[in-house]
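Student: Sharing a structure here in structure tokens format.
The values are calculated or read from the model by the stated rules, or taken from the named source; none is laboratory data. No experiment lies behind these values; they were computed from the predicted model shown. Note: ideal-geometry Cβ built from the backbone for every residue, glycine included; neighbour counts use all protein chains shown. Heavy atoms of the whole protein, side chains included, go into the accessibility calculation; ligands, DNA and RNA do not. Shrake-Rupley method; radii C 1.70, N 1.55, O 1.52, S 1.80 Å.
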Amino acid sequence: MDAELTALADAHGVATWYKDWHRERRDVSPESVIGVLSLLGVDARTPGSVAGELATIRTAREQKRLPGTVVVRAGASRALAAPGTLTLEDGTEREVTGIPADLPLGWHRLSTGGQDVTLVVVPTELPEPPETWGWMLQLYALHSAASWGMGDLGDLRTFVEHGHGAGLVLLNPLHAITPTLPVPSSPYSPSSRRFANPLYLRVADTDAYRRADPPLRAQVDALKPKPTADGLIDYTAVWQAKRAALELLWPLAGEVDLDADPGLTDFATFCVLAEKHGADWHRWPAEFRRPGTPEVAAARGGDRVAFHVWLQRLLNQQLDAANEAALAQGMPLGIVHDLAVGIDPSGADGWLLQDVLASGVHVGAPPDAFNQLGQDWGLAAWRPDRLIETGYAAYRDMLRRIFRHAGGLRVDHIAGLWRLWWVPPGMGAAEGTYVFYDPEAMLGILALEAQRAGAVVIGEDLGTVQPVVTETLERMNMLGSAVLWFTRDYQDDPDEGYLPASRYPRNALATISTHDLPTAAGFLVGEQVRVRAELGQLAGPVEAESAYADKDRAQLLARLTEDGLITAASTPEEIVTAMHAFLAGTPSRLVTASLYDVLGELDQPNLPGTTDQYPNWRMPLKEDLEQILVDPRLARVAKVLNARKGGSR
């Protein structure tokens, strides 16, 4: 690649090469680099335009101009090219010749050399996380006599109240949908990460329902959807039923102040426009495609906007009730939420935050052994330059809204705070490249908002990640992830046996599996091979995959036997309990047990690489909540895990 194009790409954080899954260098094509640079507002189409862009960069450096946001760690100082005025978060002003080391944590302003920039002072580390255990729950899969077709926040509260001494409950993402039909199934491709999904509302737990007279209650109750013929969750039917019920109750809602939370009113305005013009804002009439137009301003009010504001306030109330139940149970962490790696570009955040998102880009992954054409996840990406220019305000707002209801946050694909694989419009996933973010800012702001909320941070750092990711998480007292299926003795054992419990990382959340991997019961019978073979998803011959699965299982059973946790006569149920006992013996700060594992479910919630071939995210647990609460398997696993320090009892 041309040296000047390489220099321009480096200056803007665009990779011109990367290491593939074989750890071999792969050069990125000039066309891909030029395409990605154009999405950052950088013209690299001709040698002359490249030279002009480089000259602009050199001029900025010579003038010693600051970026739009400066992030410093607490206790650190920094020189300035000219004296300036600091305006602290509390309004206090200080005249400075440099950034002093005694600044308080927080969001400040710095005026210097004709510039006015955001100055963020972030913690060097979070407080040490507690040592405890908890449950890992796909909330939609939980169902009870009181819930409507899927698990809801009332079910969550009930489950928390019968937590068997757990210190936390880790949920799937509860991010908002676009309130149109059909409703997508995946919780990892949301319309907005700043607001919550109204499908999780318990209609009967609203003040409006409690105020309703018996005939109106009966009318609402009659809307409860009937069980589906295939036994799967029908999100569209659930939303239709709950929306109709809430519309009946809306006259009893009381006054809704549209000025109390402008960001929420903006989101509600999107919901109303989507109901009228469709789910994808790119297809709306031109006058509505940007949130700042006079036509949008005219739509930003009225009864229907207030209705959607009300729904979010109901969600806040029910999330608060679940957190209060966790507090009453003495849980040290309580409810831990999950942050999806991105958003649906056609959704609410794609519309409202379009000025800080890369237009047309999809987040994905480069080719690997299992996806040799790469992966296009269809998610939108932050523009790093726009985040810097805008003081990371959108990122901060997202984190603050989530932390209002979270004792902890699991960050999906946390390596994405360092770099993301961008797939430019019109190109295949393999033709993308990495775009780098400022981890000092992304991690620092995450730490600042977590510390202010008194929350822990868990990073999903599975798979091939740069060593700096794990090292930085450890330095900042953020937890990584240790999954039993993946925690292998790659260095010392030529057969890659399972790592002894004593060698698990301290700075981690330890689990048996994840939503994308085989359940414990499924692993023991090779269900993942059977299902993938049936769907034509295997990377190699079924015999080879089965042999590998058999070897994998034998190695795990050998580890459990060596540790004295099972014998040759142990039943599958006893082996699953032993897996949890194994994790209980690790030094990892957090351990969670998934209901899928504890209850012996064979089907994993999501099968990567499939869409309609597998019922991803739509399978309820086979037992209802009432049965789960008295199932002796939960008590047995809880007894094993309560032997660790830090439970709620």
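Student: If you stretched the chain out fully between Ala569 and Arg61, how much longer would it get, using 0.36 nm times the residue separation minus the C-alpha to C-alpha distance?
Tutor: 175.8 nm
Student: OK, next. Kindly state, to the nearest 0.05, the FRET efficiency for Asp257 paired with Thr46, given R0 = 60 Å and r defined as their beta-carbon distance.
Tutor: According to the calculation, E is roughly 0.65.
Student: Sticking with this structure for a sec: Give Lys224/Lys639; Lys226/Lys622; Lys551/Lys622 a once-over and call out the pairs whose C-alpha atoms are over 26 Å from each other.
Tutor: Lys224/Lys639; Lys551/Lys622
Student: Next question. Label points 7 Å out from Cα along the Cβ direction at Glu95 and Arg26: separation in nm?
Tutor: Here the modelled spin labels are 5.7 nm apart.
Student: So, how do all the Cα-to-Cα distances of the range 528-568 break down into 5 Å bins, in percent, from 0 on up?
Tutor: Answer for the range 528-568: a P(r) of 5, 25, 20, 15, 13, 11, 10, 2 percent.
Student: Let me check against my output: what whole-number percent is the relative contact order of the chain, with C-alpha pairs under 8 Å and at least 6 apart?
Tutor: 17 percent
Student: Hey, another quick one. I'd like the distance between the alpha-carbon centres of the range 9-48 and the range 399-444, rounded to an integer number of Å.
Tutor: 18 Å
Student: Points 7 angstrom from Cα along the Cβ direction at Glu287 and Leu327: gap in nanometres?
Tutor: 4.7 nm
Student: Going 7 Å from the Cα of Ala297 in the Cα-to-Cβ direction, what parts of the range 254-268 have a backbone nitrogen less than 20 Å from that spot?
Tutor: Counting backbone N atoms under 20 Å from the label point, the list is 258-268.
Student: With all protein chains present, how much of the accessible area of the chain (probe radius 1.4 Å) comes from carbon and sulfur, to the nearest whole percent?
Tutor: Carbon and sulfur: 52 percent of the exposed surface of the chain.
Student: Using 15 Å as the cut-off for backbone N distance, which residues of the range 163-205 belong to the label zone defined by a point 7 Å from the Cα of Leu629 along Cα→Cβ?
Tutor: What the label zone holds, given the 15 Å backbone N cut-off, is 163-165.
Student: What 222 nm value per residue comes from the helices of the chain, counting each DSSP H run with n ≥ 4 as -39,500 (n - 2.57) and dividing by all residues, nearest 500 deg cm²/dmol?
Tutor: -11000 deg cm²/dmol
Student: Cα gyration tensor of the range 96-199, axes a ≥ b ≥ c as square roots of the eigenvalues: rounded (a/c below 1.5), prolate (a/b > b/c) or oblate?
Tutor: Cα axes put the range 96-199 in the oblate bin.
Student: Under the classification rounded if a/c is under 1.5, otherwise prolate if a/b is larger than b/c and oblate if not, where does the range 1-89 fall, given a ≥ b ≥ c as square roots of the Cα gyration tensor eigenvalues?
Tutor: Oblate.
Student: Could you calculate the contour length gain from Arg211 to Ala81, that is, 0.36 nm times the residue separation minus the distance between their Cα atoms, to one decimal place in nm?
Tutor: 40.4 nm
Student: By average Cβ neighbour count within 10 Å, what is the ranking of 451-464, 218-231, 404-417 from highest down?
Tutor: The peptides rank, most packed first, as 404-417, 451-464, 218-231.
Student: How do the peptides 630-641, 8-19 rank, highest first, by the average count of neighbouring beta carbon atoms within 10 Å per residue?
Tutor: The densest-packed peptide leads the list: 8-19, 630-641.
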